[in-house]
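Enquirer: Can you keep this structure in mind? I'll have questions shortly.
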Amino acid sequence: MKERVQKFGRFLSGMVMPNIGAFIAWGLIAALFIPDGWLGKWGPAETINSMVGPMLSYLLPILIGYTGGKAVGGQKGAVTGALATLGAIASTSSTMFIGAMICGPLGGWCIKKFDKAMEGHIPAGFEMVVNNFSVGIIGGVLAVLSIFVIGPACVGLTGILEKGVGILVSNGLLPLTAILVEPAKVLFLNNAINHGVFTPIGTAEAQEVGKSILFMIESNPGPGLGLLLAYCVAGKGETRSSAGAAAFIQFVGGIHEIYFPYVLMNPIVILGPMIGNIAGIFTLSLLGGGLVAAASPGSIIAEILMTPKGGYLANFAGIGVAAAVSFAVSVFLLRFFGKDASLEEAQAQVAASKAASKGEKAPASTGVSVSPKDVKKIVFACDAGMGSSAMGATMLRNKLKDAGITDIEVIHYPVSEIPGDCQIVVTHHELSGRAAQRAPQARIIPIKNFMGAPEYDKLVKEMVEGRKGGAEPAPAPAAETKPAETPAADSGTMLEKKNIVLGCKPVTPEEAIKACGRLMVESGYVGEGYIQGMLDREASFSVAIGNHVAIPHGTNDVKPTIKRTGIVVMTYPEGIDWNGDKVKLVVGIAAKGDEHLEILGRIVAIASTEEDTDQIVAGADAENLFKKLNGLA
């Protein structure tokens, strides 16, 4: 069940996340220029506000349908999915996000099946005609189908949710209303629920007692704030970088729709806002919270303005509890499910690699099946391309050389810059999805340990066996790695004696990273911003690379803050618990080019096993380490 939820969430993410910028644009325009917005009374606001409706009704659903169709059926599937989505939109005045998520993939699937059926049967010269007419005809048929089937089905589903909310309210089960309210909000029924259900009942109650808690059930900004802050802490990549701005828009601007895509991309996290809102409603009921009128938009400012005299403590408590509970639950779900999903994907791909080494065809999840005789280039990919991938490439290059294979080029790159002519990509298991998107032609080998991955020996064995009976390996081609910006002879200046710190007491991984970053800043290697880049890199996936070694370094985004290449070394004899791994040797890296690779190669040589690292750390001498790592001994 968990696996199905994760796969479903990843598929939804693929439709929603590429369009998050459009959601943010819509949220900003709505927050500023709707009649109740911050600039709603400004002269041109009415004209600008005329975009809000069409963006919500047409632009965003069509973008989702287009993206979903493209994910399944390529460019033709994208156009077909967009046509089908338009039919669902035309069937109702309701917002058709759910319809788009059905119509888009359906359009891509239909055009993909048609193309497969026609493969080899199209007369030469008629390819363009068949392609264009197939999209037009299939897209048109699906658009009509969506008007009469998919659109009404989605409307029926949303109607059931509305009735469910009404039953809970009428029976006094207020906290339980969140069980239906939060999922219904994500289906963009927030305004229908708030103004169609809660506002009429709440208005009558407010006339009698001067306030109503019903005005805060849907409009409470706490649950959404907690979810978005959880993405700031436990999210990854684009979701993490965009969540901060979204949290501000949602909490201050009152545009709750801004957090809906973050739920749609990983549906299990709906439990965060749901449980958070239950706790918030319970708190409001206990303390007697409520508003004098509907808060529109549902921002913290609107909540304050509609709070009756003497009710601020109760309302702030309801919002704060909802945010805190939503945050705690969402962080747990993001970390638990995000980690498990990556591990399961990695395990499937490793199993496929084993099958390939036995001559069996690799499953599609590994990319493509590659014959060992055809392998000429292996790429190691990591987030920044300067640390773990460089060390992994060095280890595999040495192993291939020891096995007598010299005609395979082994290079390292950031995962976003994997060259298109490689046959195999080795990467951290949490980056395997990005690697597969960047290099669809290559076989992806996910690993967890860059320093001592068992996949290295298996891959070398596969290459050796694949070359038996063939011609002798050709001389190794000239390396195509990016040219160093500093001569190798200057490598001694990269590790200074003052930057070798021995016998450190155990700390947290974050504290160890900050200590490395501070040394690099004080030595003039990097600017202050590089430290945050190092922390972001660790947040993406651990910089502990195995054999009791960690190599903190920044993301690509902070490379401009590097002033000159430099390395710092810190030893922790008692070991650091690094997210389940033990680390005793921490090597901080800031590199402008490839000139740091010599030192990384020497680290690989002296820390090739856990025992080697432990021995180095136990008998560490600053002078000895300085000479060894700078190639002076």
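Enquirer: Are any of the pairs LYS373/LYS401; LYS514/LYS563; LYS582/LYS628; LYS236/LYS498 more than 28 Å apart by Cα-Cα distance, and if so, which?
Expert: With Cα atoms farther than 28 Å apart: LYS236/LYS498.
Enquirer: Highest mean first, how do 402-413, 371-382 rank when packing is the count of other Cβ atoms within 10 Å averaged over residues?
Expert: The densest-packed peptide leads the list: 371-382, 402-413.
Enquirer: Given a Förster distance of 25 Å, report the FRET efficiency between ALA22 and ASP421 from their Cβ-Cβ distance, rounded to the nearest 0.05.
Expert: 0.15
Enquirer: Here's something else I'd like to know. How charged is the neighbourhood of TRP578? Take every other residue with its Cβ under 12 Å from the Cβ of TRP578, and add Lys/Arg as +1 and Asp/Glu as -1.
Expert: Around TRP578, the charge tally is -3.
Enquirer: Label point 7 Å out from SER50 along Cα-to-Cβ: which residues of region 291-323 have amide N under 11 Å?
Expert: Within reach of a label on SER50, which here means backbone N under 11 Å from a point 7 Å along Cα→Cβ, region 291-323 contributes nothing.
Enquirer: What is the local net charge at ASN315, summed over the other residues whose Cβ is closer than 10 Å to its Cβ (Lys, Arg +1; Asp, Glu -1)?
Expert: Surrounding charge for ASN315 is 0.
Enquirer: Also, I was wondering about something else. Under 15 Å from the Cβ of ALA84, count the other residues' Cβ atoms, weight Lys and Arg +1, Asp and Glu -1, and hand me the total.
Expert: In short, +4.
Enquirer: Going by average Cβ neighbours within 10 Å, how do the peptides 42-49, 68-75, 89-96 rank, with the highest at the top?
Expert: Result, highest mean first: 68-75, 89-96, 42-49.
Enquirer: Using mean Cβ contacts within 10 Å as the protection proxy, how do 280-289, 122-131 order, highest first?
Expert: Listed from highest to lowest mean packing, they are 280-289, 122-131.
Enquirer: Right, here's the next one. I need the shape label for region 488-629. Rule: rounded when a/c is under 1.5, else prolate if a/b > b/c, else oblate, with a, b, c from the alpha carbon gyration tensor.
Expert: oblate
Read the figures in this text as sums done on the coordinates, not as results from a lab. Quick caveat, the model's predicted, so the values are computed rather than measured. All Cβ positions, glycine included, derive from the backbone under ideal geometry; neighbour counts span all protein chains shown.
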